[in-house]
Structure formats: structure tokens, C-alpha cells
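K.L.:
What follows is a structure written as C-alpha cells; I'll ask about it next.
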Amino acid sequence: MKERTAIHSHGVRTVLVLAVIMIFTGSALAEEVYKIGGIFSVTGRASFLGDPEKKSMEMMIESINAAGGIDGRQLEAVIYDTEGDPTKAVMAISKLINKDNVLAIVGPSTTPTTLAVMPFAEKAGTPLISCAAGNKITMPVNPWIFKTAQSDILAVRAIFEHMKTRGIQKIGILTVANAFGESGREQLEAQAGDFGITIVQADKFGGNDTDMTAQLTKIKGAGPDAVICWGTNPGPAVVSKNAQQLELGIPIYQSHGVASPKFIELAGESAEGTLLPTGKILVYGLLPDADPQKAVLTAYAENYTKAFNQPVSGFGGYAYDAVNILAKALKGTGGDKGKLRDNIEAIKDHVGVSGVFTFTPDEHNGLAADAFVMVQIQNGTWELVK
Amino acid sequence: MTPSLKKGVAYALACSAIAGIGLAATNPYHLQVMTFIGINSLLALGLNLLMGYAGQISLGHAAFYGIGAYTTAILTATYGLSPWLSLPMAVAAAALVAFLVGMPTLKLSGYYLGMGTLGFGMIAFIVFREWDGVTGGASGFVGIPPLAVGPLNLSSGRNYFYLVWGVLLVAILVCRRIIDSRTGRALRAIHDSENAARAVGVGTMHLKLQVFVFSAAVAALAGFLYAHYVSFISPGTFDFLMSVRMVTMVVIGGMASIWGAILGASLLTLLPEWLHAFSDLEMVVYGLIMMGVMIVMPQGLTRGILDLYERARERHER
Amino acid sequence: MEAFVQYLFSGLTNGAIYAVIAIGFSMLYSATELINFAHGEFVMLGALGLVTLWGGLHLPLPAAFALTVAGAALVGFLFERTAIRTVKKPHPIVLVIITVGASIFLRGGAMMIWGKDAHSVPPFSGHPPIDVAGAKLLPQSIWILVIAVVLAVGLFYFYRRTLTGKAMQATAINKWGAWLSGIPSERMVLLAFVMSTGLGATAGVIIAPITMCSYDMGTMLGLKGFCAAMLGGIGSLWGALAGGFTLGIVEALAVGYVSSAAKDAVAFILLLLILYIKPSGLFGTADASRF
Amino acid sequence: MKDKPALLKLASVSKAFGGVQALDDISFEFDAGLIMGLIGPNGAGKTTLFNVITGAYVPDSGAVSLDGIPIQGRRIQDIVHLGISRTFQNVELFESMSVIENIMVGRHVRTRSGFWSAITRVPAIRREEKALRERAQELLDFVGLADQADRRSGDLPFGWQRLLEIARALASDPKLLLLDEPAAGLNAVETGRLGELIGNIRDLGVTVMLVEHDMALTMSVCDQIIVLDQGCMLAEGLPREIQSNAAVMAAYLGNG
């Protein structure tokens, strides 16, 4: 009797394990639509990127479909959440490629998740347009990988050029301890010399730290002419508040990572006078009518605000641009991924939210330095800096 | 049937099941999910030996997972070593660290041990993140080569699935043997009553350390498999939350049960995939399921489901 | 000197927060021998509750404060009743996993209610920073320090002077014995839960003005609080206080004199060293020293 | 004929906890082959004395030796290896393990196989396992639990748990077996059988030292008795001498 129970329980266990395994047995049906995959950090630390990206992608796909789709075929978005976790991103891309049979992929939102999924997209020969900023994504060029977010190189250049006009020579930098901050710090350190700028003190802060006065005190002690803070909300807002508290009295530069109205809301009056590089979306209303992007920016910002009843940030624009680029390149391919890739590489002077894109086989980001403008926060809103 | 025959049958069944799944699953996505389940099962298996059998909690085990992954990444991608040479070194590195950390830490008990291991895990995570010249820092480490034997590329979907589950089967066999040995009995004895175990002459410190080192080595092995599969690693994969997830796999599956480790790892790997449909509700549902399973089956899924089955059978026989 | 004082201020402010969180951990532990891994989420609930009630609905501060803490305590009450009490043969680790599940649940719920973005609230009082030897001290820091100390002293008297406090202490020392002498131990455990989660929310309320509040802010704070509680010796009120301040000050000095990148590492290395030298924390004794 | 050292010898052993002097200058010795009784009122220091002898506590001063080998300050496993084993006042079994496994663990110090050999299962280890299992079965026969080998030990009735614990203690082939209140919780019939068992253990050549409150049992089985009171040696002698010792009576009646 005992014996039987034991055998049975062994059997049961095996069956259980098998049952768990056998759960997935559906296969995707071939359909007459173009499926586009999306992988974004919709929740988790980087949700400030992923959430508007997802919304922008959905919005854009809807409007393309409303306009009749591509070559008479409708688009369908299949979007998964990575929670900013590379392993989940790898699972998601595999699901998109193998189960959903997507033609191309937009995302992921962050640099580590993008780096993790790149080999899988390449292996499957599926074009991927990342929404992350990291330089490692397109340098060196991977034939299947593109990106729409402006590189940190350009943001750093914009800041340093501005500093040069103000005669700033000694700076302190304060970067967030994650991939975004690390990439920023590398670029700041790499380019400082070119502009005759010395970094007198470099410090870091944790993404969820509650107080940065210690770091700022240390920077203050080194006597810089300005401080550059490189991070994404909410950390930089705390830095801004702390700097006001410590009466730092020197200009504060932030990165494009805080380029959203949220930053002004969080930092309040301490944000006054803060300088930062941003895509033109934040100041689209202030742009001269001659600006080539003005029309695109206005349309995107107004549609987004209308659809989701929340202010537009630059981040959703990465996905918006990616979908538009895909839509342009999809025409006439008949769903061939190789042709799609070749078409993306041939895109010239595509006016997008983040800038004007010109891809070549050696340039998979496609943006020029004018993708960034410098803005200053004055009276609780953005002002263009010349 | 003798116990050894029974075990033989169970293994034959498991082997053929794995082979069958490998042949039946045509979708690379399914194979990939199964591969991750295999890697996570390996993690849970090693930790289960420590938690379920030796009764020692570790809230920093992701560190060893990371040490395995980073060691092989650095040796193969930076120094061009063959992965098969870096494998023993990755495992040895984790074992050595576990030995050095375990000596003082395992003297702690209960929540203090939890805190000690947690602290170690945090320090390891910070090292992965900040030692950017070597580990690639927060953005991660790219370009880890795939595994291959001669012309056979193991890193393709089906082959890697077989590799991971083959390794897992061997690991299960090894764990079984340890549990059934003098060492394993002594471990279970420590778990039941440390006092009495000491009184019959079981050197508890020594044994705890051995198991700690062993489970760290298993975690490093899993890290090796992960690194060469994904070919990219970043510190976030080996953070505190991963350590907690590992503990959760063990407890949800059922402590002191080898099948429990696999069941727990499967559930925690699959759940997020299923819950995608819930979108923003995902976290809420995930949390509820975790609490629910523990409230209904505090002994873990294996025990809980077996109980359900036996109850149903009794009712049937009556 | 100026820099040192500034580090000290930073350390004291953060330390006071860690201390209040640690006291919550500690008092729950001493009544139930349970570590609530969702404790950090109650800190988050406190901060976000204040965002809504004070920042959003513009209730008077004391009312918003009290309502927030009461609300979080109510969540704690429900949590104990539905998820902790109902487990039949609870192995400590099972309860820990339940609290981990609860932390994910609460985080998910907060994300749905308050969204994924961070929020901020103004300081309790609008005074300018105070200048001490060139260093700046925020009025909010004084609020935090005073509230932390008042809470600690209040709890001390609660345990020493009130019948309920003594009963709770008795339950903590020997549940069965307390039950035999007529103390309703189940109610004491429930009360400990409610007080502990309320303390967590208090920490959230007082920290809200100096930082940014978001649904995921609790995890790290909870971890630091847990660390502080263990550092001081779990179950000890003064230990939690000392552990919190030690941790806060060490972190601030580590940023100033070692490296800001290694700030957390320095804190955890200190923790490990203390545990190796004194395995039961600064103020703990092997057989659970109570308040 | 004293050329051989005493089996167990305590010389001026003291142990204090905080301000409480649990053991104060305890000295005694005895030879192999006896059943020694250790009695005294609650709090007299009997269990502390056991813990000092088995190595769980290190004495503050004084020396303990087994067969002339000093053992104070040694690790417990070394002391077990030298030949002292014990049972606990509140039975402490490995409850989730089977009866026979409990005994196999009890033989831990007399077996060798380690981590690696467990994994590789070399023939020598298989042989050791087989011999171990046979020896464990013999011990079960000895205490009368032969047919309970595969039961979960926690499920045994209390009286049998006691017997199992004694069998487990015997598994390490001790020279000296310390029994801490073995009759507590047993009924009269079980206590009677226990007395017989203790006699049988002595006949195996194992010296027994016994802490017991059941005076009838103590007086009937013990060859020699030591009396402790408040950490001090009060008396030592044959059972009938102890029974008539005025100081002992006073200590027990509480007016000493």
C-alpha cells in the first residue's frame, strides 16, 4: 500500500511538471495584417520611458490604420512589458519573433534591455528600432538594429557648447548609478577635454535615494563653476531641491533624462534657472515657424495630449518616430523583413519628433547635433536658450 | 519494486519526458521559456538544498549566480578563453567566495543570517555595477560567446534546451545522492534539531559551510548557462530582488523537495508570461497569487497538490 | 568643518527616517517574531497618502497626517486579518514570503492609484534653511528628528507605563504564558501589526517633503530600515534608534570621505562587520532583549 | 588496582552564568562498568553538569577527563568521538526523519563518507552504508523497535521516542552514556522496562550516568549516586547511604 502511494506520488509529480510544460500549445495564425512588436518598460523603474512609448506606439498605429494602413494592410501592435529586466526582455522578444511572428520590433526602452535582446533580433533577422539612448547600441553598427533616441554624445555636446559660451571651465558632475548615468558620465569625461573643461569632482547617487546633500556638499567643496546632474526622475529633482537648500549659487545643468514637465512639478521653484538639453518637443510652441520639425511636433503633442490627457514628454517620441520610420519603410516590401531593413537604411531626411533622421549603412541613429536644443526653466516653464 | 528500481524508473520517465518535449516543441519561444525554467530550477535546486535541507536562509544567493555569469563572461569575452575552460573557473570562483563569506556569516542564525547574506548580496551587486572597467558597469557586458562543441552550436534553441535540462537532471541526481548520504542525513538532522545534531557529533558549522559552498557552485553553474545563452549580462539580473525571487521559488515550490524546486521555478518563470494580459494589473495579480498559494498551501505546491490528490483518492476509495 | 557638519545633518535626517522604519520592524518582530518585508510599502503608502490628502485635497496638515497614518494602519489591520492570521501552520519563512507577496501587491495597487510618476509635497513649514557653521539645515529635518525622538520616547513610555504596553511585552516574551494570564495575545499581535504599519506610514509622511514620492520608493527604504533594525539588534527599541542613526551617518560620511558610488557598499560592509563581531546587533542579546 | 585512569574524572569544575554559580568546585570520578546516578533538587546544576561533560559548555575552571584524556574545551564532535553520548530531558529527535535514519545519524562520528564520495558513490561508501544500516537495525532490535524502522520518528508514541533516543545515543559506540531524566513522562510499566534496558546497556559494557527524579528507579538501578545542590557536591555514595544521608534529606525537603 505504502509502495503504491510512493509510486503514485512520483507519477503525480512527473505529470504535474509535464502539465505545467504543456500549457503552451497554441500557434499563431497567419493573418493578413502586418504585426509590429513593441517591448517597453511599461512598469518598473523605467516606466517613465516605457509608458509614454507604449501609448505613443498605440496612438500612431491607430492613426496609420485609420488612414488605410500600409499598402492596404492594417498594422497590429503586439506590446510586452519588460519591467526593465533584461531576462524578461529576452523572453518578450522571443515571443514576438517566434509566437507572434512580428515583422519588426520597436523598443526596448532602456540600454541594458536593448543590449540583451540585440543578438536575438539579429539571429532572427528581424529589424529592431530601439528607444534607448546608449551609444553601445549603434556603435558598432549591427545590421538589424536601429535607434531613434538621441545619443548621449549629442546631449553632452549641447551642454558643453553652451558652457563654452558662458566661460565655464571647472565642473562637478553627479550621475545616477544606473546605465543611463553611467553612459552620461562616460561621455562627459570623454568630451570635457575637447571643450577645455575640467571635471573637478565626480559623484554618484542611487536612483531612489532620498537625499543628495552629502554629494552636493562634496562637489561644493571642490569649487566648480557649474554642476551637471545626469539622471532620470525623481533623483534629479531631489538634487535640484538639495542644491537650493545648500545655496550652491552656481548654474545647474540637467540631462535630457528629465526633459518632461514632471521635473518642473517635482522640483518646484528649485528648478528655476536649471539648464538642460532636450529634443524640441518640450518647446515646440516656441520654435520658429521655419523649423522643419515644427509641424510634426505640434501634431504629435496635440494628439498625445488629447488622447491621454497628460502632458507630452520627449520619451514617447522615440516610439512615435520608430513606428513612423517603420511605416515608411514597410511600403512595398510585402512583409519581407530583409527588404524592410534595407528600406530603413535608405531613409533620408525623415522629419520626426526627436530630430531629422538620415540613416545609412554606417549610421543607424541618423540624428545630427541639431536634434537637441538647450532650454532653461524660467517661471515654471521652458524657455529656449540661444 | 525496490527503491533503486523506482528511482531508475523515475529518471527514465524524466529523461524521456525531456526528450519528448524537446522534439514536440517546435516553437523556439516555448523552448526558450523551458530553458529559462531549467536555469531557474537549477538555482532553486541549489538553494533548496541550503534552505530546505540545511535550514539556512540566504537572501544573497543572486550574488553567486552573478559571480558565475560574470566570471565566465570576463574570461571568455575579455580574455578569449574557451567557455569549457571558464566553466570550472566560474564555479570555483563562486565556491571560493562562498567559502570566505560563509565562514563568518554562517555563524549567524535566523534573521541575522538573512541580513548577513542580504548584505553580502548587496555588496556583490554594487561591485558588479561599479567595477565598470571589468564588468561593463551598469550598462552591462556584451558579446559573451555562444557554447559550441566542435561544429555543433549548442546555443541554438533546442540544443540549449537539452543542455540545460541535461545539466539539471545531473544536478538532481547529485542532490538526491547528497540527501541520501551520511552528509544529507546530518543536514536534515541539523534542520530538525540543531541541538541534538550537535550532541550526536555532527559538526554543524562544517556541514553548513559545505552546503553553502555547494549551493553557491550550483548557482554559479546556472549563471554560466545564463550568460552563454543570453550572451549579455547586466547587474540588474543579479540584484536583491533576484535573491528574493530565488527564495520564493523554493518556498512556493515546497522546501526540502527536489520536485518542489522545479515546480516553484516553473511557476515563477511562467506566471509573468501569463500575466502579461493583465497589463498594469499584473503586479497586483502576481502579489495576490503569491500570497494565495502560501495561505492555502503553506507547505508549498508539491505538498499541497499531493495532499489534494490524496484527499481526492481517499474520497474515491470510500 | 562646514562640510562635516553638512554630512552630519544629512546623516541625521536620513538616520531618523531609517530609525522610525526600523522601530516599526523591531516592534512587530518582538510581538510576532515576523519580519514584514512589505514594511517599506507602508512607508510608501504614508508618503503617497500625504500627497493626496495634503497636496491634493488640501486638508489641514495635522488631519492629513493623522488620516494617512490611520489609513495605512487600517491596511495593516486588513493585511494581518486576511493574510497572516489565516495561515494554519506558519513556518516563519512562509510568512516572510507572504509579506513579499503583499509588498508586490501593495506596490502594484499604489501604481494603479497614484500612477507611475513621482509626486512631491512642500515642507511642513515654509521657513528658510537654518545656517549652522556654514552648513544648511532644513526645517523639515528638524521636524523629522523631533518626530522620530518623540515617537521613540512615546513608545518607551507605552511599554513601560501602560497596561496595554506591558501586556504586549508579555505576549512578546511568552505568548502562551501571556494567554494563560488572561492577556488576549491574538489582539496584541494585531495591535502590534497596526502600530508597526502606522509607524511605517509615519516615516513616509515625514520624509515626503524632502524627497520624491512614487509607488516604488518603499523597497529601498524598507531594506535600509531592516538593515538598521538588525544593526541595532532586532526587537530592541533603542537598538533600532541607534541602528538607524548609525546607518544614516555612516552613509553620509561614506559619500563625503570614501566614495558616493560605494555609499551603499560601505553601509553594508559596516553591517557585516558588526554582525561578525556581535552576531546579535549592537543592542540585541542572544535571547531576545525586549524593550 | 588503580594503574588505569578513571573513566570519567572531574576536578574542581566550576561554571557560572552571569552572577549565578551553576556549578561550584565539583570533583568526582568513577570507573567503567557502573550505573551512576546524579540527583538533586531542581536548579541543582544537573543539566549544566551534563552540558559541561558533553562539551556543550566550557567550564570556567577545573578539568574534565575521559580515560585520562582531558576533554574540557574540545569540540562536541571530538568528545562524542572519544566516547561520550547523551539523551535530552525533552526528547529531541530528528522528527521528520525515519526511525532508522535517526540512528544512522547517531553513528555520524563512526562513519566517514563525505560530500564528494556521496556524489560519486564509490564502492567503499556503498559498503559503509550497508554496514551502517545493519548496525542501526541491531540497535533497534536492542531497544525493541525493530519493526518501526521506516516510520517517521516524530509519529512514534512518546515512550518509544525515548527508546529511540537512547538507541541513537548508543549508535556512536559510547564508553559513557548520559541519560537526562529518561523516565520523565513514562508510565510505571514503561519505567520498569527502562530500568531493565539501562541494566542491559551496562551489560554491553557501556557506563551509564543518569539524572533522574524517579527515586525508585534511581535507587534500584544505580550502583553509585552523586547528589548536587545549588551547584555544589552534597554527597556521593551507594544508594542506601544516600537514602540515609541527613544533608540530602534536608536539601530535598527544603530546610537545609
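The values are calculated or read from the model by the stated rules, or taken from the named source; none is laboratory data. Being a predicted model, the structure only gives us computed values, none of them experimental. Please note: Cβ atoms are built from the backbone with ideal geometry, for glycine as well, and neighbour counts cover all protein chains shown. For accessibility, only protein heavy atoms count, side chains too; no ligands or nucleic acids. Shrake-Rupley method; radii C 1.70, N 1.55, O 1.52, S 1.80 Å.
K.L.:
Take the residues of region C:225-261 that are part of a helix (DSSP H, G or I), closer than 23 Å to B:G60 by Cβ and open to solvent by 10 Å² or more (accessible area, probe 1.4 Å): which is farthest from the other protein chains (Cβ to nearest Cβ)?
P.N.:
Within region C:225-261, the first condition is being part of a helix (DSSP H, G or I), and the residues that meet it are C:225-232, C:237-257.
Narrowing further to those that are closer than 23 Å to B:G60 by Cβ: C:225-232, C:239-240, C:243-244, C:246-248, C:250-251, C:254.
Narrowing further to those that are open to solvent by 10 Å² or more (accessible area, probe 1.4 Å): C:246, C:250.
Working: C:T246: 14, C:V250: 11 Å.
That would be C:T246.
K.L.:
What about B:I295, is it within 14 Å of chain C (Cβ to nearest Cβ), open to solvent by 10 Å² or more (accessible area, probe 1.4 Å), out of contact with any His (no Cβ under 9 Å at 6 or more places or on another chain) and β-branched (V, I, T)? Walk me through how you get there before you give the answer.
P.N.:
Details: within 14 Å of chain C (Cβ to nearest Cβ): yes; open to solvent by 10 Å² or more (accessible area, probe 1.4 Å): yes; out of contact with any His (no Cβ under 9 Å at 6 or more places or on another chain): yes; β-branched (V, I, T): yes.
In short, yes.
K.L.:
Moving to a separate point now. Under the condition of being within 14 Å of chain B (Cβ to nearest Cβ) and in a helix (DSSP H, G or I), which residue from region D:43-58 is surrounded by the most Cβ atoms within 10 Å (Cβ to Cβ)?
P.N.:
D:V52
K.L.:
Quick check on my filter: what residues within region A:353-386 are assigned to a strand (DSSP E or B) and closer than 30 Å to A:D342 by Cβ?
P.N.:
Just the residues of region A:353-386 that are assigned to a strand (DSSP E or B), to begin with: A:356-357, A:360, A:363, A:373-378, A:381-384.
Within region A:353-386, A:V356, A:F357, A:T360, A:E363 qualify.
K.L.:
Okay, moving on. Is it true that some residue in region D:103-111 is among the small types (G, A, S), modelled with pLDDT of 90 or more, out of contact with any Gly (no Cβ under 7 Å at 6 or more places or on another chain) and outside the structural domain of D:T54 (by TED's automatic domain parsing)? So that I can check it myself, show each step before the final result.
P.N.:
Filtering region D:103-111 down to residues among the small types (G, A, S) leaves D:106.
Those left that are additionally modelled with pLDDT of 90 or more: D:106.
Of the ones still in play, those that are also out of contact with any Gly (no Cβ under 7 Å at 6 or more places or on another chain) are D:106.
Checking which are outside the structural domain of D:T54 (by TED's automatic domain parsing) leaves us with D:106.
Looking for residues that are among the small types (G, A, S), modelled with pLDDT of 90 or more, out of contact with any Gly (no Cβ under 7 Å at 6 or more places or on another chain) and outside the structural domain of D:T54 (by TED's automatic domain parsing), one finds at least one in region D:103-111, hence yes.
K.L.:
Tell me, which residue of region C:125-147 that is part of a loop (DSSP other than H, G, I, E, B) and in contact with a Pro (Cβ under 6 Å, 6 or more places away or on another chain) is nearest to the other protein chains (Cβ to nearest Cβ)? Step through it out loud before you land on a result.
P.N.:
Looking only at region C:125-147, we keep the residues that are part of a loop (DSSP other than H, G, I, E, B), and these are C:125-129, C:133-134, C:138.
Next, from what is left, pick out any that are in contact with a Pro (Cβ under 6 Å, 6 or more places away or on another chain): C:125, C:127, C:138.
Numbers: C:S125: 14, C:H127: 12, C:L138: 6 Å.
So, considering only residues that are part of a loop (DSSP other than H, G, I, E, B) and in contact with a Pro (Cβ under 6 Å, 6 or more places away or on another chain), the one nearest to the other protein chains (Cβ to nearest Cβ) is C:L138.
K.L.:
Given the structure, is B:V174 assigned to a helix (DSSP H, G or I), β-branched (V, I, T) and without any contact (Cβ under 8 Å) to a residue 24 or more places away in the chain? Step through it out loud before you land on a result.
P.N.:
On the way: assigned to a helix (DSSP H, G or I): yes; β-branched (V, I, T): yes; without any contact (Cβ under 8 Å) to a residue 24 or more places away in the chain: yes.
The answer is yes for B:V174.
K.L.:
Among B:L43, B:L31, which is within 18 Å of B:V164 (Cα to Cα), open to solvent by less than 10 Å² (accessible area, probe 1.4 Å) and in contact with a His (Cβ under 9 Å, 6 or more places away or on another chain)?
P.N.:
Numbers: B:L31 fails: in contact with a His (Cβ under 9 Å, 6 or more places away or on another chain).
Just a single option satisfies the conditions, and that option is B:L43.
K.L.:
Given (1) surrounded by fewer than 18 Cβ atoms within 10 Å (Cβ to Cβ); (2) in the same structural domain as D:V20 (by TED's automatic domain parsing), identify the lone condition not met by D:D203.
P.N.:
(2)
K.L.:
Right, something else. Of all residues being under 14 Å from B:L169 (Cβ atoms) and within 11 Å of chain A (Cβ to nearest Cβ) in region B:1-14, which is modelled with the lowest pLDDT? Just the residue, please. Break it down stepwise before answering.
P.N.:
Pass one, region B:1-14, residues under 14 Å from B:L169 (Cβ atoms): B:7-8, B:10-14.
Now narrow it down to the ones that are within 11 Å of chain A (Cβ to nearest Cβ): B:7, B:10-14.
On the way: B:K7: 70, B:A10: 76, B:Y11: 77, B:A12: 81, B:L13: 82, B:A14: 80.
In this case the residue turns out to be B:K7.
K.L.:
Filter region B:172-216 down to residues that are basic (K, R) and surrounded by fewer than 20 Cβ atoms within 10 Å (Cβ to Cβ) and give me whichever is farthest from the other protein chains (Cβ to nearest Cβ). Step through it out loud before you land on a result.
P.N.:
Quick first cut of region B:172-216, residues basic (K, R) only: B:176-177, B:182, B:185, B:188, B:198, B:208.
Among the residues that remain, those that are also surrounded by fewer than 20 Cβ atoms within 10 Å (Cβ to Cβ) are: B:176-177.
Details: B:R176: 10, B:R177: 5 Å.
Ranking the qualifying residues of region B:172-216, first place goes to B:R176.
K.L.:
Go over the candidates C:L59, C:L45 one by one and state the one that is out of contact with any Gly (no Cβ under 6 Å at 6 or more places or on another chain) and without any contact (Cβ under 8 Å) to a residue 24 or more places away in the chain.
P.N.:
On the way: C:L45 fails: without any contact (Cβ under 8 Å) to a residue 24 or more places away in the chain.
The conditions single out C:L59.
K.L.:
Determine which member of the set B:L108, B:L169 is of a type outside the set (S, T, Y), away from chain C (no Cβ under 14 Å) and either touching a helix residue (DSSP H, G or I) at 6+ places or on another chain (Cβ under 9 Å) or assigned to a helix (DSSP H, G or I) (or both).
P.N.:
On the way: B:L108 fails: away from chain C (no Cβ under 14 Å).
Result of the check over B:L108, B:L169: B:L169.
K.L.:
Take region B:232-290 and flag every residue that is outside any helix (DSSP H, G or I) and closer than 30 Å to B:I123 by Cα.
P.N.:
Taking region B:232-290 and keeping what is outside any helix (DSSP H, G or I), we get B:232-234, B:239, B:254-257.
Listed by number, the residues that qualify are B:F232, B:I233, B:S234, B:D239, B:G254, B:M255, B:A256.
K.L.:
Within region B:15-34, can you find the residues that are among the hydrophobic types (A, V, I, L, M, F, W, C), without any contact (Cβ under 8 Å) to a residue 12 or more places away in the chain and at the interface with another protein chain (Cβ under 7 Å from one of its Cβ atoms)?
P.N.:
B:A17
Yes/no per residue for (1) within 21 Å of the chain's Cα centre (by Cα); (2) over 30 Å from B:L169 (Cβ atoms):
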position	(1), (2)
D:S98	no, no
D:W116	no, no
D:I125	no, no
D:A131	no, yes
D:R135	yes, yes
D:R152	no, no
D:D155	no, yes
D:S172	yes, yes
D:V189	no, yes
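K.L.:
Counting only residues that are at pLDDT 85 or above and open to solvent by less than 40 Å² (accessible area, probe 1.4 Å), how many does region D:230-256 have?
P.N.:
Qualifying residue count for the region: 5.
K.L.:
What residue, of C:G165, C:G204, C:G182, is among the small types (G, A, S) and not in a helix (DSSP H, G or I)?
P.N.:
Details: C:G165 fails: not in a helix (DSSP H, G or I); C:G204 fails: not in a helix (DSSP H, G or I).
That would be C:G182, the only listed residue that is among the small types (G, A, S) and not in a helix (DSSP H, G or I).
K.L.:
Among the listed residues A:G184, A:G196, identify the single one that is more than 10 Å from chain B (Cβ to nearest Cβ) and on the phi > 0 side of the Ramachandran plot.
P.N.:
A:G196
K.L.:
Looking only at region A:212-233, filter to residues that are of a type in the set (A, V, I, L, M) and part of a loop (DSSP other than H, G, I, E, B); which one of those is surrounded by the fewest Cβ atoms within 10 Å (Cβ to Cβ)? Please lay out each step first, then the result.
P.N.:
At the first step, the residues of region A:212-233 found to be of a type in the set (A, V, I, L, M) are A:212, A:214, A:216, A:219, A:222, A:226-228.
The next check asks that each one be part of a loop (DSSP other than H, G, I, E, B); those that pass are A:212, A:222.
Values: A:M212: 29, A:A222: 14.
Taking the candidates together, the pick is A:A222.
K.L.:
Somewhere in region B:251-270, is a residue within 11 Å of chain C (Cβ to nearest Cβ), free of Cβ contacts under 8 Å to residues at least 60 places away in the same chain and out of contact with any helix residue (DSSP H, G or I) (no Cβ under 8 Å at 6 or more places or on another chain)?
P.N.:
no
K.L.:
When residues of region C:81-124 are filtered for being in a loop (DSSP other than H, G, I, E, B) and more than 7 Å from chain B (Cβ to nearest Cβ), how many remain?
P.N.:
Applying the first criterion (in a loop (DSSP other than H, G, I, E, B)) to region C:81-124 yields C:85-91, C:115-118, C:120-124.
Within this subset, residues satisfying the condition of being more than 7 Å from chain B (Cβ to nearest Cβ) are C:85, C:115-118, C:120-124.
Of the residues in that region, 10 qualify.
K.L.:
If you go through region A:92-110 one residue at a time, how many are crowded, with 24+ Cβ neighbours inside 10 Å and at pLDDT below 90?
P.N.:
1
K.L.:
Another question, if that's okay. How about region C:3-18: which of its residues are over 20 Å from C:A70 (Cα atoms) and of a type in the set (A, V, I, L, M, F, W, C)? Can you show your working first?
P.N.:
Going through region C:3-18, the residues over 20 Å from C:A70 (Cα atoms) turn out to be C:3-16, C:18.
Residues satisfying the conditions are C:A3, C:F4, C:V5, C:L8, C:F9, C:L12, C:A16.
K.L.:
If you scan region A:311-340, which residues turn out to be in a loop (DSSP other than H, G, I, E, B) and open to solvent by less than 50 Å² (accessible area, probe 1.4 Å)? Working first, answer last.
P.N.:
Here is the first cut: in region A:311-340, the ones in a loop (DSSP other than H, G, I, E, B) are A:311-313, A:331-336.
A:V312, A:S313, A:T333, A:G335, listed by residue number.
Here is a yes/no grid of residues against (1) at pLDDT 90 or above; (2) more than 19 Å from A:G380 (Cα to Cα); (3) within 11 Å of chain C (Cβ to nearest Cβ); (4) open to solvent by 20 Å² or more (accessible area, probe 1.4 Å):
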residue: A:T210; (1), (2), (3), (4): no, yes, yes, no
residue: A:P236; (1), (2), (3), (4): yes, no, yes, no
residue: A:V239; (1), (2), (3), (4): yes, no, yes, no
residue: A:N242; (1), (2), (3), (4): yes, no, yes, no
residue: A:Q254; (1), (2), (3), (4): yes, no, no, no
residue: A:K262; (1), (2), (3), (4): no, no, yes, yes
residue: A:E269; (1), (2), (3), (4): no, no, yes, yes
residue: A:L276; (1), (2), (3), (4): yes, no, no, no
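K.L.:
Also, I was wondering about something else. Please go through region D:63-92 and give me each residue that is over 17 Å from D:E165 (Cβ atoms) and touching a Lys or Arg at 6+ places or on another chain (Cβ under 9 Å), ordered by number.
P.N.:
D:A63, D:V64, D:S65, D:L66, D:D67, D:G68, D:Q77, D:H81, D:L82, D:G83
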